[in-house]
Amino acid sequence: MNKLTTALLAGKKYREFYEIRVDEEIYQIEIRPLTHIEKAEVQAVETASIKMNSKNVGTSGRMSSQEMEMNTADVIRDSAKAELKAVALGTVDPEWTEDMIDQLWKAEWIEGAYNRILEISGVANKKKQQESASTQTEQETAIPKEEQQESTTPTEQTEQSEQNLNSFRQE
């Protein structure tokens with residue numbers, strides 16, 4: 001087994017060039033991975049408009065009910081703001097601020113740089129896993145409730161409900 005030392009990890013010092021095409025010319029922008037705190041800042045911007053409300057229910061008050069509230073337009077705007085923040089943080093040249101990037105870059109450049117910065121930050125793999133789990137959940141909810149109930153026994157339904165509740169609590 002090898003000892004992990006700071007010399008082996010490039011961390012924020014790692015650099016690479018992201019290429020963008022302007023007309024027929026190719027330009028390079030130097031990027032770096034996000035730090036853990038920067039990643040959290042980007043996630044905070046991305047989820048700013050999602051509200052979670054919880055309240056105690058039941059006769060003993062031991063069970064809780066959680067409700068998620070979101071405005072789709074706000075979520076889309078927050079997601080775009082998070083992409084800008086990540087690109088501004090992940091570009092090495094200090095002149096690339098969020099405002100400059102928003103005003104001068106094409107949307108496809110922002111999205112491409114954002115995705116690459118997430119990849120080199122080690123975030124992209126987790127995001128892909130979450131998206132595939134989300135897609136799977138959407139496919140399950142697309143089945144009409146009558147068909148879902150017919151295909152499972154009451155015991156299976158109870159077990160599924162408990163699993164859903166446990167996974168929701170973990171999130």
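Points worth noting:
- Residue that is modelled with the lowest pLDDT, among those in the stretch 2-27 that are hydrophobic (A, V, I, L, M, F, W, C) and either on the phi > 0 side of the Ramachandran plot or part of a strand (DSSP E or B) (or both): Val22
- Complete set of residues in the stretch 47-59 that are open to solvent by 50 Å² or more (accessible area, probe 1.4 Å) and hydroxyl-bearing (Ser, Thr, Tyr): Thr47, Ser54, Thr59
- Close pairs from the stretch 67-84: first in contact (Cβ under 8 Å) with a residue 24 or more places away in the chain and closer than 20 Å to Ile117 by Cα, partner in a helix (DSSP H, G or I) and not hydrophobic (A, V, I, L, M, F, W, C), Cβ under 7 Å, at least 6 apart: Asp78/Glu46; Ser79/Glu46; Ala82/Glu46; Glu83/Glu111; Glu83/Tyr114; Leu84/Glu98; Leu84/Asp102
- Check on Ile20, touching a helix residue (DSSP H, G or I) at 6+ places or on another chain (Cβ under 6 Å), in contact (Cβ under 8 Å) with a residue 24 or more places away in the chain, among the β-branched types (Val, Ile, Thr) and closer than 21 Å to Lys106 by Cβ: yes
- Just one of the listed residues (Ala73, Ala44, Ala40) is open to solvent by 50 Å² or more (accessible area, probe 1.4 Å) and closer than 22 Å to Ile110 by Cβ, namely Ala44.
- Taken over the stretch 33-47, the criterion of being in a helix (DSSP H, G or I) and in contact (Cβ under 8 Å) with a residue 12 or more places away in the chain is satisfied by Glu38, Lys39, Glu41, Val42, Gln43, Val45, Glu46.
- Index of the failed condition, Glu30 passing every other in (1) closer than 29 Å to Leu104 by Cβ; (2) open to solvent by 80 Å² or more (accessible area, probe 1.4 Å); (3) part of a strand (DSSP E or B); (4) not hydrophobic (A, V, I, L, M, F, W, C): (2)
The values are calculated or read from the model by the stated rules, or taken from the named source; none is laboratory data. Keep in mind that what you see is a predicted model, and the values were worked out from it rather than measured. Counting neighbours? That spans all protein chains shown, and the Cβs are built from the backbone with ideal geometry, glycine included. For the accessible areas, the whole protein counts, side chains as well, though only heavy atoms, and no ligand, DNA or RNA atoms are used. Shrake-Rupley method; radii C 1.70, N 1.55, O 1.52, S 1.80 Å.
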